[in-house]
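Please see the structure below; I have some questions.
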Amino acid sequence: MSAAIRYPHLAIDEAGTARIEGTRYKVLHLAGEHYHHGWSAEEILRQHPDLRPEQVYAALTYFYDHHDELVDQMQSAAEAAEAERALQRPTRAELLARRARREP
C-alpha cells in the first residue's frame, strides 16, 4: 500500500512541476540556489523576502525527497542552455572586437 505524500505550501501543476503555492516560484529554482550556491534556508529567505520560512522549508524538503530527479533536471537545463548559447550568432560588439584583434 502506497501513501501519497502531501507537501504543505506546495502545489504540483498538471505538468508535474512543483511550485510554492500562491507564488511564481518553482521548487527547482530554490533548489538550484541551495544546491549550486550552497544557500541555506535562511539565505534563501534573505534573498526572497516575499517568501515565508514554512514555504522555503517545504521546498527544500521536496528537493531532498526528489534529489536525484531534480539534480538531473538542473543538469539537463544547464546543458540545453549551453547548447543554445553555442548556436547563438556573435553580437556586433564581438565581431568588432575580432576585427580589432586582426588589424594592426
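The values are calculated or read from the model by the stated rules, or taken from the named source; none is laboratory data. Keep in mind the model is a prediction, meaning the values are calculated, not measured. Glycine gets a Cβ as well: all are built from the backbone with ideal geometry, and neighbour counts include every protein chain shown.
Against the definition (at pLDDT 90 or above, over 20 Å from Thr17 (Cα atoms) and of a type in the set (D, E, K, R)), how does Glu103 come out, yes or no? Give the derivation first.
On the way: at pLDDT 90 or above: no; over 20 Å from Thr17 (Cα atoms): yes; of a type in the set (D, E, K, R): yes.
In short, no.
One line per residue, one yes/no per condition, for (1) among the polar types (S, T, N, Q); (2) out of contact with any Ser or Thr (no Cβ under 6 Å at 6 or more places or on another chain); (3) surrounded by 16 or more Cβ atoms within 10 Å (Cβ to Cβ):
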{"site": "Ala11", "(1), (2), (3)": "no, yes, no"}
{"site": "Ala15", "(1), (2), (3)": "no, yes, no"}
{"site": "Ser40", "(1), (2), (3)": "yes, yes, no"}
{"site": "Pro49", "(1), (2), (3)": "no, yes, no"}
{"site": "Pro53", "(1), (2), (3)": "no, yes, no"}
{"site": "Val56", "(1), (2), (3)": "no, yes, yes"}
{"site": "Tyr64", "(1), (2), (3)": "no, yes, no"}
{"site": "Glu84", "(1), (2), (3)": "no, yes, no"}
{"site": "Arg99", "(1), (2), (3)": "no, yes, no"}
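Next up: Could you list, in sequence order, all residues of the range 72-104 that are of a type in the set (Ser, Thr, Tyr) and closer than 30 Å to Leu28 by Cα? Steps first, answer last, please.
Quick first cut of the range 72-104, residues of a type in the set (Ser, Thr, Tyr) only: 76, 91.
Ser76 - this is the single residue of the range 72-104 that is of a type in the set (Ser, Thr, Tyr) and closer than 30 Å to Leu28 by Cα.
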